[in-house]
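These notes concern the structure reproduced below.
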């Protein structure tokens, strides 16, 4: 079992090998089943939890689980008080269970799994912005459909660019923009085509690419300057971003300028 805590959120990659008697969780949480299946009784209702099902459990919900397969793997995301407040403010119900097998929403939630255990700069913003989108979509709380990009969107980009190694958290950015965090997360994807956290990560990689291209720093120093924990992590991420390793990219540019 792997766990990552970010502010008022706790992400856990769990594996169950047995059912559970009736119990309750103090905190609200949502869960995405990735493997296996189980029956869940809550109140007088029975739910079949299967791969690709996303379920929101309100705080204090009492339920019991019986496995239908040998084991079950799932992502659980516990929501602290500040997140319940954001949901309530944005019209997302917090006192009723919700479930969805919408492919787009499931795919969005799946993007949280690789963030568990990651310590790269900006990981907090990635997790928070994805979570805000997920909760907004689960509650069908859609962002207003502006025809043009809001003026505050450029201010958000400038705020992230000002500190690529340690960007502010979602709440601080939303406060600076004067909008609700859930609305910010949804509107940002609509106009920028990615989550706010992914935008910050791309900008950091673009900064690293410029350092590699400049050719002044050894690659190990570029990795450190760009905030990567080690050279191998930097190399893997850079290759996903450009299609080349940092060394290959620098060699390619040197060849082009001959």
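Worth a mention:
- Inter-probe distance in nm under a simple model that places probes 7 Å from Cα toward Cβ, at residue 240 and residue 151: 3.7 nm
- Prolate/oblate/rounded label for the stretch 30-85 (Cα gyration tensor, a/c 1.5): oblate
- Euclidean distance between Cα centres, the stretch 101-125 to the stretch 198-224, Å: 23 Å
- Residues residue 26 and residue 2, FRET efficiency given R0 of 25 Å [Cβ-Cβ distance, rounded to 0.05]: 0.70
- Evaluated at q = 0.14, 0.19, 0.22 Å⁻¹, the base-10 log of the normalised Debye intensity for the stretch 2-102, with identical point scatterers placed on the Cα atoms, takes the values -0.52, -0.97, -1.28.
- Cα shape, the stretch 123-200, gyration tensor, a/c 1.5 rule: oblate
- Computed lengthening from residue 253 to residue 39, 0.36 nm per intervening residue step minus Cα-Cα distance: 71.3 nm
- Semi-axis lengths, largest first, of the ellipsoid equivalent to the stretch 78-225 are 30, 17, 14 Å, with √(5λ) applied to each eigenvalue of the Cα gyration tensor.
- The helix-only estimate of mean residue ellipticity at 222 nm for the chain, built from DSSP H runs of length n ≥ 4 each weighted as -39500 (n - 2.57), is -13000 deg cm²/dmol after division by the residue total.
- Degrees separating the helix 196-214 axis from the principal Cα axis of the chain, which is the longest one: 20 degrees
- 0 to 90° range, to nearest 10: angle between helix 246-256 axis and the chain longest Cα axis: 40 degrees
- When peptides 172-185, 219-232 are ranked by their average number of other Cβ atoms within 10 Å per residue, the highest-first order is 172-185, 219-232.
- Structure-derived P(r) over Cα pairs in 5 Å bins from 0, in percent: which label, when the choices are [x] 1, 6, 13, 18, 21, 19, 14, 7, 2, 0; [y] 1, 7, 14, 19, 20, 16, 11, 6, 3, 2, 1, 0, 0; [z] 1, 6, 12, 15, 16, 14, 12, 9, 7, 5, 2, 1, 0, 0, 0: [z]
- Length gained when the stretch residue 216-residue 176 is fully extended (0.36 nm per residue, less Cα-Cα span): 10.8 nm
- Relative packing of peptides 20-32, 120-132 - highest average C-beta neighbours within 10 Å first: 120-132, 20-32
- Tilt relative to the chain, helix 181-192 - C-alpha long axis, 0 to 90 degrees, to 10: 50 degrees
Since every read-out is calculated from the coordinates, none of them should be taken as a lab result. Fair warning: this is a prediction, and the values are worked out from it, not measured in the lab. Here Cβ is always computed from backbone atoms with ideal geometry, including for glycine, and neighbour counts include all displayed protein chains.
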